[in-house]
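What follows is a set of notes on a single structure, which appears directly below.
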Amino acid sequence: QGQLTESGGGMVQAGDSLRLSCVSSGRPFSSDAMGWFRQAPGREREFVAAISPGGITHYADSVKGRFTISTDNAKNTAFLQMNNLQPEDTALYYCAAKNYPVASMSAAVYSYWGQGTQVTVSS
């Protein structure tokens, strides 16, 4: 079992930055692959970024060059640094973990999910 808790969302203007955090508890964080997904109203949940325990990262084309995923094993925490935010980034952002050390862009393979943190970007 395990629990993921996201924080760091908020309301910002276009061009601003936010840093999301995801604290993992009850799981072997250092051997989990971690992912960030988002869901806007009326849309499907979509992949944002993922990282393997070895540091291999994957990004959605829409966020490449603007978002950075990272982890801190000492704090059992995954981060999503989001720069140059745009209104189309507005969504509920979810953290996810999978107990296999390969990062994936597919939400279906992640077994553990947080409750989400809202990011709203105004123009």
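I'd like the FRET efficiency for Ser31 and Lys64, computed as 1/(1 + (r/R0)^6) with the beta carbon distance as r and R0 of 35 Å, rounded to 0.05.
My answer for the efficiency is 0.85.
Full-extension gain between Ala74 and Asn99, please, as 0.36 nm times their residue separation minus the C-alpha to C-alpha distance. Can you show the working numbers first?
Values: separation 25, 0.36 × 25 = 9.00 nm, distance 1.81 nm.
The Ala74-Asn99 span can extend by a further 7.2 nm.
Express the Stokes-Einstein translational diffusion coefficient of the range 45-114 in µm² s⁻¹, to the nearest whole number, given a Kirkwood radius over alpha-carbon pairs, 4 °C and a viscosity of 1.567 mPa s.
Working: Rh = 12.8 Å.
Diffusion coefficient, whole number: 101 µm²/s.
Just to be sure I understand the model, the point goes 7 Å from the Cα along the line to the Cβ. What's the resulting Ala107 to Met11 distance in nm?
Going from the Ala107 label point to the Met11 one covers 2.5 nm.
Within 10 Å of each candidate Cβ there may be at most 14 other Cβ atoms; applying that plus a DSSP loop requirement, which trypsin sites (Lys or Arg not before Pro) in the range 56-88 survive? Don't skip to the answer; put the middle values down first.
Values: sites: Lys64, Arg66, Lys75; in loops: Lys64, Arg66.
Answer in residue order: Lys64.
For q values of 0.19 Å⁻¹, compute log₁₀ I(q)/I(0) with the Debye formula on a Cα-only model of the chain, without solvent.
The Debye formula, applied to the Cα set alone, gives -0.95.
In terms of the Cα gyration tensor, with a ≥ b ≥ c the square roots of its eigenvalues, is the range 21-70 rounded because a/c is under 1.5, prolate because a/b exceeds b/c, or oblate?
Values: a/c = 2.59, a/b = 1.44, b/c = 1.80.
It comes out oblate by the Cα gyration axes.
Want the number for Gln81 to Thr57: 0.36 nm per residue separation, take away the alpha-carbon distance, what's left?
Details: separation 24, 0.36 × 24 = 8.64 nm, distance 1.33 nm.
Once the chain is fully extended between Gln81 and Thr57, it gains 7.3 nm.
Carbon and sulfur atoms: what percent of the 1.4 Å accessible area of the chain do they account for? Before the final figure, lay out the partial values.
On the way: 2930 of 6160 Å².
Roughly 48 percent of what the probe reaches on the chain is carbon or sulfur.
So, with +1 on the Cβ of K and R and -1 on the Cβ of D and E, and no other charges, what is the size of the charge dipole of the chain about its Cα centre, to the nearest 20 debye?
For the chain, the charge dipole is close to 180 debye.
Can you give the extra length, in nm with one decimal, that the chain gains between Arg43 and Gln115 once fully stretched, where that is 0.36 nm per residue apart less the Cα-Cα distance? The partial results should precede the final answer.
On the way: separation 72, 0.36 × 72 = 25.92 nm, distance 1.73 nm.
Fully extending the segment from Arg43 to Gln115 adds 24.2 nm.
The values are calculated or read from the model by the stated rules, or taken from the named source; none is laboratory data. Small disclaimer: the values here were computed from a predicted structure and weren't measured. Backbone-built Cβ (ideal geometry, glycine too); neighbour counts: all protein chains shown. When the accessible area is computed, the model is the full protein with side chains, heavy atoms only, and any ligands, DNA or RNA have been set aside. Shrake-Rupley method; radii C 1.70, N 1.55, O 1.52, S 1.80 Å.
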